[in-house]
Amino acid sequence: MILMIYLIWNNQHRKDKEKMYIKQINNVVGYKGLLDGFCAEFDENTTYIVGENFQGKSTIGSLFSWCLTGNSLLGKEKEQVANDSKKVSNVIVDMIFVDNYGIEHRLVRNKGKEIQLTLDDKPIEQGMLAQFYKDADIFLVAHNPYYFSSLEPKEQKELLRKIVPAIDSKTAYDLLNQEEQEIIGQPIEYLGSYIDNKNTEINELQKEYNQNLGQLQAYQSLALQQEGEFLTFDKEKELAELQEKDKVLSANFVSFSIDEMKSKIAKIQEKLDDILKKELVEIKELYNRENKKLEGLNAEKPKCQYCKQEIKDSEALQRMKKFQQKELARLQEKADELKEEATMLAREKESKQRLLEKLNTKDMQQLEKEKQEIKTRIDLLQEEQKDIVLKNQEVQIKREQVKEAKNSIELLKQAQEEITKELEKVSKQKKIANKLKILIIEKQSEIIKQYLDKVSIQFSKVNKSTGEIIECCNIQYEGRDYKKLSKSQQARASLEISNVFNNLSGIKAPIFFDDAESCTDFIELANTQMVVSLVIKYNSLEILYDYSDVLSRKKKSVEREIKEKSSLFIEQAA
């Protein structure tokens, strides 16, 4: 906690940053192919690691990155660092370095089953070490010149955005011309969110436009349908006259045809015959039977009609007599009712018979025919009138539909015009926002240029098919794309990019320049520690601090190689 408070206080009160540099590596244990107990000292400005291939030059160069960040030079956090040629329980790197404020620190990373970190002999978490390198990816670009080119363009662009100074919304707004400012309206605080919102608006407006287009097509089909013409029923007078005539005839005419009347008379006769020949006959038979039973009860010695025994109980006899008398009275009442009904049917038959005789006259037959003709004509006229009403209703409905469709078409056309205008406005706003994004990047790229020499970074280009300005991240060296450069040119370009990240991020990390033999005239960067790895044939692993010593080793290497090749040539010639 004391260390944490001190570091925070130190960062707040030391603004004059210096370069960070490695001072020494002590007692390396179990790290890749290095011998246990490996130690090395580094010059504050330039240190050269020379030697034959596969002697551990790159391994030495990777120590600082792994000890400080836990990452390899290529950003692999879980890289296998334990020496795979022997059983290793712990990998330890003990390092002394000087931070950006000129303060010396001792950092020890001990990786076993768990990772233990100590800074200045006090336990510390990895997160607290980030105060020295801020962002692992930015640190790796600053420390390892080849890391940036290993990233995807999108990742390169995002890292560049992280290190360049932010441009406030008002300054960015002033980069636009007056017309563009009027379209945008005001400075944009969050450009990314603004563009996302405009994309959403464009999608919603386009969706609404398409929906309206579908409705418009449907209404246009309705508007084109045939409405039809209203029909007129011009036989109202004829119908009224016929109805009045039918009314007069009906008031003075029995509305029965001769056939209908004959049918009714036949039905009356059938009912009358049923009463006289069947029902009354049956009742008469029942009455005579019940009357004989009563006569038997009135005899001197009355007997039971069922058991044929003499009835001696006078009360029972009286009850039986009363029952028979009631039954005779009921049958007589039923017979009287049937006689009355028969009388009424006979009268009705007689009446209808007289009417039938009247209908059979020639005049009545003529009237019947005339009345039927009038009724038929009335029915035809009423059906025609009904059809006209229904057809006129259909025409009215179609006309209303066409009218409503035409009104809807006008409303939809107005809506489409408004949507189109809004779509154009929002699209312009999005286009200007994208342009502003490019302008901001270009403004920021001007800051980057002051740390570049022969390298240029292109952040935007014109899309040939659409003519739009789109974002990109193209690295060029003396006007040529990075991928087309020779190995030495790529090395020089990578050094310049590391210098940009070192200065703009404020990390001022030491740069480990591996395989420097591919670049014969690399630049040594001011106020930056450089650890340079060079392959020198026949040379054992050495750490040198003066380039003249490097040249001396190269000279010996060349002389030996010439001698060996000359001997081989003589031997082959012999």
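The values are calculated or read from the model by the stated rules, or taken from the named source; none is laboratory data. Not measured: the values here are computed from a predicted model. When we count neighbours, we look across all protein chains shown, and the Cβ atoms used for this are built from the backbone with ideal geometry, even at glycine. Areas reflect the complete protein model, heavy atoms only, side chains present, ligands, DNA and RNA absent. Shrake-Rupley method; radii C 1.70, N 1.55, O 1.52, S 1.80 Å.
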Rounded to whole angstrom, the alpha-carbon centroid of the stretch 226-304 lies from that of the stretch 474-491 at a distance of 120
Ranking TYR194, LEU205, GLN181 by how far each Cα lies towards the positive end of the charge dipole of the stretch 146-238 (+1 on Lys and Arg Cβ, -1 on Asp and Glu Cβ), the top one is TYR194
Of the candidates ALA172, GLN332, GLN309, the farthest towards the positive dipole end of the chain (Lys/Arg Cβ +1, Asp/Glu Cβ -1, centred on the Cα centre) is GLN309
At q = 0.09, 0.16, 0.19, 0.20 Å⁻¹, the log10 of I(q)/I(0) for the stretch 299-448 from a Debye sum over equal Cα scatterers comes to -0.81, -1.08, -1.17, -1.20
Taking 539-552, 77-90 and ranking on average Cβ neighbours within 10 Å, highest first, one gets 539-552, 77-90
With +1 at each Lys and Arg Cβ and -1 at each Asp and Glu Cβ, the charge dipole magnitude of the stretch 351-434 around its Cα centre, to the nearest 20 debye, comes out at 240
Heavy-atom accessible area per residue of the stretch 87-209, all protein chains kept, 1.4 Å probe, expressed in Å², is 54
Taking only the alpha carbons of the stretch 115-249, the radius of gyration and the largest Cα-Cα distance, Dmax, both in angstrom, are 38.9, 132
To the nearest 20 debye, the chain has a Cα-centred charge dipole, built from +1 on Lys and Arg Cβ and -1 on Asp and Glu Cβ, of 1740
Using alpha-carbon coordinates alone, the radius of gyration and Dmax of the stretch 21-77 in Å work out to 11.4, 28
Compactness summary of the stretch 292-349: radius of gyration and Dmax from Cα atoms, Å, are 17.1, 55
To the nearest 0.05, the calculated FRET efficiency linking LYS113 and GLN220 through their beta-carbon distance, R0 being 56 Å, is 0.15
dims of the stretch 443-535, Cα set, principal axes, largest to smallest, nearest Å -> 49, 30, 15
Rounded to the nearest 10, the angle in degrees between the Cα long axis of helix 487-505 and the longest principal axis of the Cα atoms of the chain comes to 80
Toy charge model, Lys and Arg Cβ at +1, Asp and Glu Cβ at -1: the stretch 212-336 dipole around Cα centroid in debye, rounded to 20, equals 1540
Given backbone amide H placed at 1.01 Å from N, residues whose amide H is under 5 Å from that of MET530, ignoring those fewer than 5 places away on the same chain, are THR46, THR47, ILE511
Each label sits 7 Å from Cα toward the beta-carbon; between ASP196 and GLN372 the label points are separated, in nm, by 9.0
Checked against the positive end of the charge dipole of the stretch 26-143 (+1 on Cβ of Lys and Arg, -1 on Cβ of Asp and Glu, about the Cα centre), the farthest of ALA130, GLY75, TYR101 is GLY75
Per principal axis, largest first, the Cα atoms of the stretch 245-342 extend in Å by 81, 21, 16
Taking the square root of 5λ for each eigenvalue of the C-alpha gyration tensor of the chain, the equivalent ellipsoid has semi-axes, largest first and in whole angstrom, of 125, 44, 24
In Å³ per residue, the alpha-carbon convex hull of the stretch 78-119 encloses 87
So the carbon and sulfur contribution to the accessible area of the chain, 1.4 Å probe, in percent, is 49
For the stretch 26-131, the Cα convex hull volume per residue in Å³ comes to 116
Expressed in Å to one decimal, the Kirkwood Rh of the stretch 374-516 from all distinct alpha-carbon pairs is 22.4
Once the in-chain neighbours fewer than 8 apart are removed, the lysines whose Cα is under 21 Å from LYS563 read LYS537, LYS554, LYS555
Descending packing, highest mean Cβ count within 10 Å first, for 509-517, 177-185, 211-219 is 509-517, 211-219, 177-185
